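**Student:** I'd like to ask some things about the structure below.
The values are calculated or read from the model by the stated rules, or taken from the named source; none is laboratory data. As the structure is a computational prediction, the values presented were derived from the model and not from experiment. Neighbour counts are summed over all protein chains in view; Cβ atoms, including those assigned to glycine, are modelled from backbone coordinates with ideal geometry.
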Amino acid sequence: MARRFVVEADGGSRGNPGPAGYGAVVLDPETGETLAEAAEYIGPATNNVAEYKGLIAGLRAVRALDPEAEVEVRMDSKLVVEQMSGRWKVKHPGMRPLAAEARGIFPPAQVSYEWIPRERNKHADRLANEAMDAGKRGEQWRPTAGVAPSADGAVEASAEAAAPAVAPPGWAAPADLGAPATFVLLRHGETALTPEKRFSGTGGSDPELSPVGRRQAELVAAALAARGTIQAVVSSPLRRCVGTAEAVAARLGLDVHIEEGLRETDFGAWEGLTFAEVRERHPDDLQAWLASSKAAPTGGGESFAAVARRVAVTRDQLVARYAGLTVLLVTHVTPIKTLVRLALGAPPEALFRMEISAASLSALAYYADGNASLRLLNDTTHLR
């Protein structure tokens, strides 16, 4: 007879979206004994994202104990329970990869879902808040309770071993996390606007690569072909990125997949202007933009906060789609800086502390436990 476990999971966000974390606990259904705990601060996210990540962590913790187990999931999120039970559709594009990931941990027949009132989910709620508190201190949450043996004595691990491992800083990751989704981030080659340092976003003239930019694309294509690690090519829809991506993909024998979420910021009325011209024409708006990630450029442009939300959703979708693969993302300055900032847990003002050169390469690895590692930043050696 299959062993049975109860998972209680929760997630929260202080701002929705805002600083978020999740908690999950695995219980013995007969004794109520705690067998494993998992919690993590995940940075800026919505309540729903945090709740799904709590569910995923709980299911993974059970799988570490017994992949053949039957699982009863209890959550106070009506949305997650109804969607995972199949009674409600997963309509939000940012939730679909998370729901798919949760469904893939166990065969559906092994998992059931029950909604419970919030007061009956206090353990998981406490863990989620502990994780958010730890994140506020710049720390990772650590389990404190041990794991008691099961009735047959088969489980003798600590709670830390049963819970999803936390990837350590640096190059290495625990072997049991499997191969990460690795994003090689390529900024497009130069356009006519690049050397003049003019704002060039989504709402502008959509310039093509200049002759210099086309040469840069060929150089980076040769360098990536020599490495032989790229398994897919994904590009922003803007022409400078598509042109760069096509040069690389042709060299690698791959297709180019267009991803709208990788487009550059819409700079509104600043499109095509230099920084000095913007400062002369829109001094107050520029000062506000420099002071706050929530401020948008003049004329209905896109704030960096809005870009971060868009890029985070796109990142999650791509991580789920390309789990374990090495993928080239051909995109722009702001999306690359944003992906790096989010991976490092750095504040919004970090965007102004990075340089991303035309046709430069950066790299991020995303592990199964949700952690990320920065492996390369602004490499231009292939252009020399």
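**Student:** Looking at segment 16-57 only, could you name the residues that are more than 17 Å from MET132 (Cα to Cα) and either touching an Asp or Glu at 6+ places or on another chain (Cβ under 9 Å) or surrounded by 24 or more Cβ atoms within 10 Å (Cβ to Cβ) (or both)?
**Tutor:** VAL26, LEU27, PRO29, THR34, LEU35, ALA36, ILE56
**Student:** Looking at segment 227-241, can you tell me whether even one residue there is assigned by TED's automatic domain parsing to the domain that holds LEU361, in a helix (DSSP H, G or I) and in contact with a Ser or Thr (Cβ under 8 Å, 6 or more places away or on another chain)?
**Tutor:** Checking segment 227-241: at least one residue is assigned by TED's automatic domain parsing to the domain that holds LEU361, in a helix (DSSP H, G or I) and in contact with a Ser or Thr (Cβ under 8 Å, 6 or more places away or on another chain).
**Student:** Please go through segment 192-206 and give me each residue that is within 29 Å of the chain's Cα centre (by Cα) and either outside the structural domain of ARG279 (by TED's automatic domain parsing) or not charged (D, E, K, R) (or both), ordered by number.
**Tutor:** Listed by number, the residues that qualify are THR194, PHE199, SER200, GLY201, THR202, GLY203, GLY204.
**Student:** Just checking, which of PRO297, PRO348 is surrounded by fewer than 18 Cβ atoms within 10 Å (Cβ to Cβ) and either in contact (Cβ under 8 Å) with a residue 12 or more places away in the chain or not assigned by TED's automatic domain parsing to the domain that holds PRO207 (or both)?
**Tutor:** None of the others qualify; the one that does is PRO348.
**Student:** Provide a single number: the residues in segment 110-138 that are over 27 Å from the mean Cα position of the chain (by Cα) and either hydrophobic (A, V, I, L, M, F, W, C) or assigned to a helix (DSSP H, G or I) (or both).
**Tutor:** Count: 7.
**Student:** Among the residues of segment 351-384 satisfying the criterion of being surrounded by 15 or more Cβ atoms within 10 Å (Cβ to Cβ) and of a type in the set (S, T, N, Q), which is farthest from ALA223 (Cα to Cα)?
**Tutor:** Taking the candidates together, the pick is ASN371.
**Student:** Quickly run through segment 90-109 and pick out the residues that are part of a helix (DSSP H, G or I), aliphatic (A, V, I, L, M) and closer than 13 Å to ASP316 by Cα.
**Tutor:** Within segment 90-109, LEU98, ALA99, ALA100 qualify.
**Student:** Restricting the search to segment 196-218, which residues are touching a residue at least 60 places away in the same chain (Cβ under 8 Å), more than 30 Å from ALA323 (Cβ to Cβ) and surrounded by 14 or more Cβ atoms within 10 Å (Cβ to Cβ)?
**Tutor:** Scanning segment 196-218 gives ARG198, PHE199, SER200, GLY201, GLY203, GLY204, GLY213, GLN216.
**Student:** Does segment 233-289 hold any residues that are touching a Phe, Trp or Tyr at 6+ places or on another chain (Cβ under 7 Å) and hydrophobic (A, V, I, L, M, F, W, C), and which are they?
**Tutor:** PHE267, TRP270, LEU273, VAL278
**Student:** To continue, here is another question. For segment 242-254, enumerate the residues that are surrounded by 15 or more Cβ atoms within 10 Å (Cβ to Cβ) and not in a helix (DSSP H, G or I).
**Tutor:** LEU254
**Student:** Can we say GLY54 is modelled with pLDDT of 90 or more and closer than 30 Å to LEU344 by Cβ?
**Tutor:** For GLY54, the condition - modelled with pLDDT of 90 or more and closer than 30 Å to LEU344 by Cβ - is met.
**Student:** Now for a separate question. Which one of ARG60, ARG74 is outside the structural domain of ALA312 (by TED's automatic domain parsing), closer than 21 Å to GLU40 by Cβ and either touching a His at 6+ places or on another chain (Cβ under 6 Å) or part of a strand (DSSP E or B) (or both)?
**Tutor:** Just a single option satisfies the conditions, and that option is ARG74.
**Student:** Another question, then. Restricting attention to segment 219-239, report how many residues are buried (at least 17 other Cβ atoms within 10 Å of the Cβ) and within 15 Å of ILE258 (Cα to Cα).
**Tutor:** 6
**Student:** Which of the residues belonging to segment 4-18 are in contact with a strand residue (DSSP E or B) (Cβ under 7 Å, 6 or more places away or on another chain) and at pLDDT below 90?
**Tutor:** PRO17, GLY18
**Student:** In segment 82-96, is there at least one residue being in contact with a Phe, Trp or Tyr (Cβ under 7 Å, 6 or more places away or on another chain), within 21 Å of ALA368 (Cα to Cα), modelled with pLDDT under 95 and surrounded by fewer than 22 Cβ atoms within 10 Å (Cβ to Cβ)?
**Tutor:** Taking every residue of segment 82-96 in turn, at least one turns out to be in contact with a Phe, Trp or Tyr (Cβ under 7 Å, 6 or more places away or on another chain), within 21 Å of ALA368 (Cα to Cα), modelled with pLDDT under 95 and surrounded by fewer than 22 Cβ atoms within 10 Å (Cβ to Cβ).
**Student:** Limited to segment 26-55, what total is found for residues that are within 22 Å of TYR367 (Cβ to Cβ) and in a strand (DSSP E or B)?
**Tutor:** Count: 11.
**Student:** Then there is this: In segment 255-291, how many residues are touching a residue at least 12 places away in the same chain (Cβ under 8 Å), small (Gly, Ala, Ser) and part of a helix (DSSP H, G or I)?
**Tutor:** 3
**Student:** Condition first: charged (D, E, K, R) and either more than 24 Å from ALA245 (Cβ to Cβ) or surrounded by fewer than 17 Cβ atoms within 10 Å (Cβ to Cβ) (or both). Now tell me which residues in segment 310-332 satisfy that.
**Tutor:** ARG321
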